[in-house]
Amino acid sequence: MDTKPFTSGLSENAVVITRVADRQWHALDDDLVVGRGHAEHRPDGRLFVSIDAWHDAIFDRLAEAMLAELPAPLYTVVDEADVELTVGWRRAGFTIRRREWEYVVPTDPRVTGLEALLPPSGVTIVPAGQADESLLRAVDRAIRDEVEATVGWQSMPAEVIARPEGDTIVDPSKYAVAAAPDRYLGLIRVVTVNRPRIGLVAVRAGEQRRGIARTLLAHALGTLHRSGFAAAWTEVHESNQAASALFEGIGARPMSSNLELVR
């Protein structure tokens with residue numbers, strides 16, 4: 001356990017920055033926890049840090065202690081509306097890497113306009129839990145390779161669900177797919193923890209602009225609506241104009257924005 005004294009003026013006693021566990025730090029003022037820091041690896045292998053502190057001075061000392069012990073690069077995500085937190089991370093040397101808009105997406109087909117939407121000719125929708133796993137992995141790999149070769153996978157929504165190392169499929173049962181007779185053309189992943197989140201909707205490059213993504217959305221949102229969910233959520237990178245247009249075209253509204261920062 002590492003400790004670093006720090007006189008903050010919060011009381012007559014010194015505030016101590018303490019590493020209490022692997023990648024966890026506390027700021028203690030006379031045995032009272034006045035700040036916490038934490039670091040964890042995301043599924044893509046990147047190391048993300050977070051700090052919750054009562055005062056700027058404690059935030060800065062927690063950041064100093066953490067950055068001294070953690071390997072670079074380090075990442076963090078903040079609500080863009082939280083100006084104070086963003087400024088704190090920038091004081092610690094972090095810069096803005098990307099901005100994501102969070103959309104709330106209605107599920108009612110009478111609202112989305114997807115009520116009577118039919119799949120393109122020769123395409124069928126395979127519901128979540130029924131996809132052939134080998135074909136699912138093949139389309140996932142193909143789409144990732146296509147995205148990486150163009151705008152880069154970092155332009156896609158951050159993947160925050162744990163999965164086995166080296167595996168790009170979070171959980172096969174969470175994916176619905178658009179299928180041709182011999183292969184899958186696109187996929188959509190919906191994970192419900194506290195609320196339904198559309199983590200990914202993607203179509204093979206050669207099959208785009210046929211309405212497959214809208215058909216996948218119509219299926220997934222209709223399924224959620226029948227399960228009693230009035231809305232789902234998704235994140236869209238600010239540079240992904242096609243995704244923004246897709247969601248805004250069915251009545252989705254941007255509710256907030258998140259910043260990913262890197263040091």
Taking only protein heavy atoms and a 1.4 Å probe, the highest-to-lowest accessible-area order of HIS41, HIS225 is HIS41, HIS225
Fraction of alpha-carbon pairs in the chain farther than 24 Å apart, rounded to whole percent, equals 56
Helix 133-149: inclination vs the chain longest Cα principal axis, degrees, rounded to 10, gives 70
Taking a probe of 1.4 Å and leaving out DNA, RNA and ligands, the chain shows per residue an accessible area in Å² of 51
With T = 10 °C, eta = 1.306 mPa s and Kirkwood Rh from C-alpha pairs, the Stokes-Einstein D of segment 1-147 in µm²/s is about 82
Ordering GLU40, GLU80 by the accessible surface of their heavy atoms, 1.4 Å probe, largest first, yields GLU40, GLU80
Long-range alpha-carbon pairs in segment 184-263, meaning those over 19 Å apart, account in percent for 40
For the chain, the accessible surface attributable to carbon and sulfur atoms (probe 1.4 angstrom, ligands and nucleic acids excluded) amounts in percent to 50
Once all protein chains are kept in place, TRP233 shows an accessible area at probe 1.4 Å, nearest 10 Å², of 60
Between the Cα axis of helix 212-226 and the main Cα principal axis of the chain, the angle (0 to 90°, nearest 10) is 70
Taking segment 57-99, the whole-percent share of alpha-carbon pairs separated by over 12 angstrom is 62
Taking Cα atoms only, Rg over Rh for segment 81-132 with Rh from the Kirkwood formula is 1.29
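Kirkwood hydrodynamic radius for segment 169-226: how many Å is it when counted over pairs of different Cα atoms? All intermediate terms of the calculation are to be shown ahead of the outcome.
Values: mean 1/r = 0.0841 Å⁻¹.
One over the average 1/r among Cα pairs gives 11.9 Å for segment 169-226.
Can you give the calculated 222 nm mean residue ellipticity of the chain, where each DSSP H run of n ≥ 4 adds -39,500 (n - 2.57) and the sum is split over every residue, rounded to the nearest 500 deg cm²/dmol?
Roughly -7500 deg cm²/dmol at 222 nm, from the helical runs in the chain.
The values are calculated or read from the model by the stated rules, or taken from the named source; none is laboratory data. Note that the structure is a prediction, hence the values are computed from the model and not measured. We work out accessible area using only protein heavy atoms, side chains counted, and drop any ligands, DNA or RNA first. Shrake-Rupley method; radii C 1.70, N 1.55, O 1.52, S 1.80 Å.
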